[in-house]
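Note sheet for the following structure.
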Amino acid sequence: MKRDLKRLADERFDLLVIGGGITGACIARDAAMRGLSLALVEKNDFAHATSAHNSKLIHGGLRYLRNFELGLVRESLRERRIWQRIAPHLVHPLPFLIPMYGADWKARAELAAGLTLYDLLAFDRGWVDDPAQRLPGHRWLDARAALEHEPRLDGPKFCGTFEYYDAQMYSPERMALECVLDAVAHDAAVANYVSAERLLLRDGRVEGAMVADCFSDNRFDIRAAVTIIAAGPWADIFLAQALGKPASHKLMRSKGIHLIVPEMTKHAALTVAARGGHFFILPWRGHSLLGTTDTAFAGSPDNVGVTEEDIAALLDFINAHLASAHLSRADVQHFYAGLRPLVDDGSGDTYDASRSAELIDHGKEDSVSGLYSSIGGKWTTSRHLAEQAVDRLVAKLGKPPRACATATTKLPGAPEGAFGAILDSTPAPQQHIARLYGTRAPQMLSLAASNADLRQQLSESGDIAAEVPFAVREEMALTLEDVVMRRTGIGQVGNPGASVLATCAQIMANELGWSEERRASEIAAVEINFKTQGAA
Ligand SMILES: Cc1cc2nc3c(=O)[nH]c(=O)nc-3n(C[C@H](O)[C@H](O)[C@H](O)COP(=O)(O)OP(=O)(O)OC[C@H]3O[C@@H](n4cnc5c(N)ncnc54)[C@H](O)[C@@H]3O)c2cc1C
């Protein structure tokens with residue numbers, strides 16, 4: 001997969017998608033599979049923003065039941081099963097424990113009722129071919145049984161825990177990438193590091209966008225019958241700039257951070273109720289992922305990052321609510337921040353704001369035809385949002401209706417048979433590669449067959465050097481950060497160290513003809529990212 005900027009400039013497309021997070025990636029995949037000619041531009045790398053910096057859950061959202069958002073929970077539970085089926089290498093079941101303290105029978109009865117409803121709304125959770133993907137219903141574990149599962153739960157007045165199941169993504173970055181790869185396999189023209197600068201507006205109609213290649217001064221127009229903005233937390237800002245007036249629909253941006261620390265639980269996730277909310281302790285690649293926070297964010301989405309104060313506050317919060325945590329700054333190996341793009345309901349309350357999505361026709365809302373925006377939503381529901389968007393766009397374009405196939409067509413790395421059995425027969429050191437690449441793993445590994453240097457291991461998780469040229473040649477990786485933070489797991493649990501970064505950068509330099517200066521600046525950029533995650 002290579003960028004083809006000439007094609008983007010020369011062709012006239014049915015649809016232009018601005019933004020290559022999971023929303024844009026799902027729209028591109030769906031539209032291309034239904035035969036629309038499609039262009040997608042992403043100003044940075046695919047899934048570099050919110051679509052990477054989240055809790056990595058494919059979940060129904062148990063807590064949304066409190067706000068009676070039954071429709072959203074049911075939609076999310078249905079979509080959870082769909083992701084389990086179309087991406088079994090990248091999505092797996094995860095048990096959650098909700099510890100209860102003291103004899104608060106009312107709280108316990110309310111939670112039991114909520115979990116029963118959650119199970120009922122997930123009535124189809126057993127409709128999966130792979131036995132490894134079946135999710136059991138909830139159950140109560142008394143204190144003794146719970147402590148056998150997770151000794152960490154001990155604490156004053158601990159009386160037991162509810163257990164329920166949701167699903168976790170092994171790599172949201174690669175899941176989004178596989179959606180892009182599938183779009184390209186269906187003839188989409190796609191480019192990362194191409195930024196939409198302004199819309200091409202003529203007589204109240206949008207005819208595409210003027211874009212800029214981030215690696216050169218090259219600016220050109222992409223022409224399309226319809227343009228859709230899938231720019232996540234940038235959506236309303238881009239629109240206001242493009243239209244020269246405030247957008248009709250506004251977003252609230254809510255910052256959430258996560259920390260990666262040494263493994264705290266044996267195998268389950270913990271959902272701990274806390275003052276004004278909850279937090280998760282999630283098992284992830286031999287570590288624990290702690291999150292998250294929820295604070296209104298007023299700055300530019302380009303400047304979101306993690307500060308030392310953010311880290312200290314989250315550690316204090318967790319230590320205060322989980323007696324056995326005893327976390328300190330020295331435990332934190334890695335951190336990241338993301339911005340939730342939430343539809344502004346005027347309440348100013350980001351924690352309780354709905355996570356539902358909206359598709360806006362700017363012909364109706366702003367008297368600008370040929371332009372749509374997709375705002376809000378969750379990772380989990382992005383495929384369905386794309387289905388609804390493409391249904392409307394196909395009608396708008398006057399194309400013959402074609403059924404959406406994204407719920408039943410597996411992603412490019414998904415095996416035909418049960419992935420659980422494949423994983424069971426894969427030796428433990430190679431399971432990481434099997435999960436990341438699925439059926440594409442042999443193609444990547446073939447690069448290492450004739451070159452011992454490419455067989456060297458570059459991370460504790462099991463990444464190897466051959467992933468680097470594979471990412472450049474087959475997956476449009478153009479910067480060191482693309483490789484280290486998204487295509488591979490090399491930097492996903494913390495800085496892998498100067499020598500690993502130097503090895504990756506040298507392989508990329510050989511592939512892409514980088515100068516010595518470029519190689520050094522790529523390493524410096526990644527080092528800065530590890531320190532601040534891009535914060536200004
Ligand atoms: C802390 C946190 C935890 C979360 N946890 C979960 C979870 O566990 N499960 C779940 O289902 N959801 C979760 N979410 C929500 C989920 O991550 C988001 O709903 C989803 O990632 C949004 O994807 P997106 O594509 O709309 O936005 P993004 O991923 O932000 O993508 C937008 C893209 O548009 C690009 N762009 C912007 N402007 C331009 C331009 N002018 N030209 C070209 N490209 C442009 C950006 O570079 C960006 O890549 C969480 C969110 C946060 C912040």
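Checking each residue in region 136-160 for being part of a helix (DSSP H, G or I) and closer than 17 Å to Ala112 by Cβ picks out Ala143, Ala145, Ala146. Here Ala25, Ala47 are screened, and the one residue that is within 16 Å of the ligand (Cβ to nearest atom), on the phi < 0 side of the Ramachandran plot and within 21 Å of the chain's Cα centre (by Cα) is Ala25. Among the candidates Leu90, Leu111, single out the residue that is in contact with a strand residue (DSSP E or B) (Cβ under 9 Å, 6 or more places away or on another chain), over 22 Å from Ala235 (Cβ atoms) and modelled with pLDDT of 95 or more. None of the others qualify; the one that does is Leu90.
If the condition is being charged (D, E, K, R) and under 20 Å from Val483 (Cβ atoms), then region 404-440 contributes Arg435, Arg440.
Against the list (1) assigned to a helix (DSSP H, G or I); (2) in contact (Cβ under 8 Å) with a residue 40 or more places away in the chain, the condition Ala39 fails is (1). On the given criteria, is Ile222 closer than 18 Å to Ile22 by Cβ, touching a helix residue (DSSP H, G or I) at 6+ places or on another chain (Cβ under 9 Å) and in contact (Cβ under 8 Å) with a residue 40 or more places away in the chain? The answer is no for Ile222.
Cβ-Cβ distances below 8 Å connect the following pairs, each with a first residue in region 364-387 that is in contact (Cβ under 8 Å) with a residue 40 or more places away in the chain and within 13 Å of the ligand (Cβ to nearest atom), a second residue that is aromatic (Phe, Trp, Tyr) and not in a loop (DSSP other than H, G, I, E, B), and a separation of six or more residues or different chains: Thr380/Trp83; Arg383/Trp83.
Determine whether region 29-43 contains at least one residue that is within 13 Å of the ligand (Cβ to nearest atom), in contact with a His (Cβ under 9 Å, 6 or more places away or on another chain), of a type outside the set (A, V, I, L, M) and closer than 30 Å to His267 by Cα. Among the residues of region 29-43, not one is within 13 Å of the ligand (Cβ to nearest atom), in contact with a His (Cβ under 9 Å, 6 or more places away or on another chain), of a type outside the set (A, V, I, L, M) and closer than 30 Å to His267 by Cα, which makes the answer no.
Is at least one residue of region 444-454 in contact with a Lys or Arg (Cβ under 9 Å, 6 or more places away or on another chain), of a type in the set (S, T, N, Q) and not in a helix (DSSP H, G or I)? No, region 444-454 contains no residue that is in contact with a Lys or Arg (Cβ under 9 Å, 6 or more places away or on another chain), of a type in the set (S, T, N, Q) and not in a helix (DSSP H, G or I).
Among the criteria (1) part of a loop (DSSP other than H, G, I, E, B); (2) away from the ligand (no atom under 16 Å from the Cβ); (3) within 19 Å of Leu342 (Cβ to Cβ), the one Arg66 does not fulfil is (1). Under the condition of being closer than 18 Å to Leu38 by Cβ, crowded, with 19+ Cβ neighbours inside 10 Å, among the aliphatic types (A, V, I, L, M) and within 24 Å of the chain's Cα centre (by Cα), the residues counted in region 389-437 number 3. Figure legend. Inter-residue proximity from region 191-203: first residues closer than 10 Å to Cys214 by Cα, second residues polar (S, T, N, Q) and more than 9 Å from the ligand (Cβ to nearest atom), beta-carbon distance below 9 Å, spacing 6+ or different chains. Indicated pairs: Tyr193/Thr479.
Here Thr292 clears all of (1) more than 22 Å from Arg340 (Cα to Cα); (2) of a type in the set (Ser, Thr, Tyr); (3) in contact with a Gly (Cβ under 7 Å, 6 or more places away or on another chain) except the condition numbered (1).
Okay, residues lined up against (1) in contact with a strand residue (DSSP E or B) (Cβ under 6 Å, 6 or more places away or on another chain); (2) closer than 28 Å to Gly494 by Cβ:
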position: Gly370; (1), (2): yes, no
position: Ala403; (1), (2): no, no
position: Leu411; (1), (2): no, yes
position: Ile433; (1), (2): no, yes
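For Arg202, the conditions (1) closer than 29 Å to Asp221 by Cα; (2) surrounded by fewer than 21 Cβ atoms within 10 Å (Cβ to Cβ); (3) touching a Ser or Thr at 6+ places or on another chain (Cβ under 8 Å) all hold with the exception of (3).
Considering only region 78-113, state which residues are within 26 Å of Lys266 (Cα to Cα), among the aliphatic types (A, V, I, L, M) and part of a helix (DSSP H, G or I). Listed by number, the residues that qualify are Leu111, Ala112.
Residues of region 276-295 that are in contact with a strand residue (DSSP E or B) (Cβ under 7 Å, 6 or more places away or on another chain), small (Gly, Ala, Ser) and surrounded by fewer than 16 Cβ atoms within 10 Å (Cβ to Cβ): none at all. Listed by first and then second residue, the pairs with beta-carbon distance under 8 Å, at least 6 apart or on different chains, first residue in region 92-107 and farther than 14 Å from Trp140 by Cα, second buried (at least 17 other Cβ atoms within 10 Å of the Cβ) and acidic (Asp, Glu), are Pro93/Asp166; Leu94/Asp166. The residues on offer are Ala313, Ala273, Ala298, Ala330, and the sole one that is surrounded by fewer than 18 Cβ atoms within 10 Å (Cβ to Cβ) and assigned to a loop (DSSP other than H, G, I, E, B) is Ala298.
Residues in region 244-267 that are touching a helix residue (DSSP H, G or I) at 6+ places or on another chain (Cβ under 6 Å) and among the small types (Gly, Ala, Ser) were compared, and the one that is farthest from Lys531 (Cα to Cα) is Ser248.
Screening Thr116 with (1) in a helix (DSSP H, G or I); (2) among the hydroxyl-bearing types (Ser, Thr, Tyr); (3) under 27 Å from Lys410 (Cβ atoms) gives one miss only, at (3).
The condition of being touching a Phe, Trp or Tyr at 6+ places or on another chain (Cβ under 6 Å) and under 22 Å from Ala132 (Cβ atoms) holds for only one of Leu94, Leu90, that being Leu90.
The values are calculated or read from the model by the stated rules, or taken from the named source; none is laboratory data. All figures in this text were calculated on a predicted structure; none of them were measured in a lab. Every residue, glycine as well, gets a Cβ built from its backbone with ideal geometry; the counts of neighbours run over all protein chains shown.
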